[in-house]
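Below: one structure, written as structure tokens.
No value in this document is a laboratory result; all are computed from the given coordinates. As the structure is a computational prediction, the values presented were derived from the model and not from experiment. Cβ: placed from backbone, ideal geometry, glycine included. Neighbour counts: every protein chain shown.
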């Protein structure tokens, strides 16, 4: 009987210790998630207000010089959007502008071009054509307009556009037509633009 009582007490002690361990782990996880939630700050703007959210990073070791002119061309040919949402690569263009403007780089020092081709070509047709073709609104229309308003030069590859079966008259007024993506990339590189490709 005494042995049974000792085993019972031992089992109760082990269960209590296990529960205390789980409780301690839970407390640590909750505290760390609260600390992380308090430290993360996300901002939009100042150039593209509704798009291109930027995580605030303090004490960085590398950032752009505010006085230098930067020339980039985004090469976008994939579409990783889900459920008729914004193409994340187009949103990256807005993030590029906002992130560096938040660090003091003036918009006039950021020369940005975008060439859309491949799977991203469909976003270059106007709203009416997009609705007729896909049965929904173009999720990127407003973002493309905002990018154009920020002096981003937006091009579609003529080869991809025609191969996709789109009519020239259905091209969005926010988009210019390039002979090809190859042509745009060569032209802009010859003018000192650096390619950004996250595809």
The relative contact order of segment 54-196, taking Cα pairs under 8 Å that sit 6 or more residues apart, comes to a percentage of 29 percent
For segment 170-199 and segment 74-119, distance of Cα centres in Å:
13 Å
Descending packing, highest mean Cβ count within 10 Å first, for 54-61, 104-111 is 104-111, 54-61
Quickly rank 70-76, 190-196 as a protection proxy: mean count of other C-beta atoms within 10 Å, highest first.
70-76, 190-196
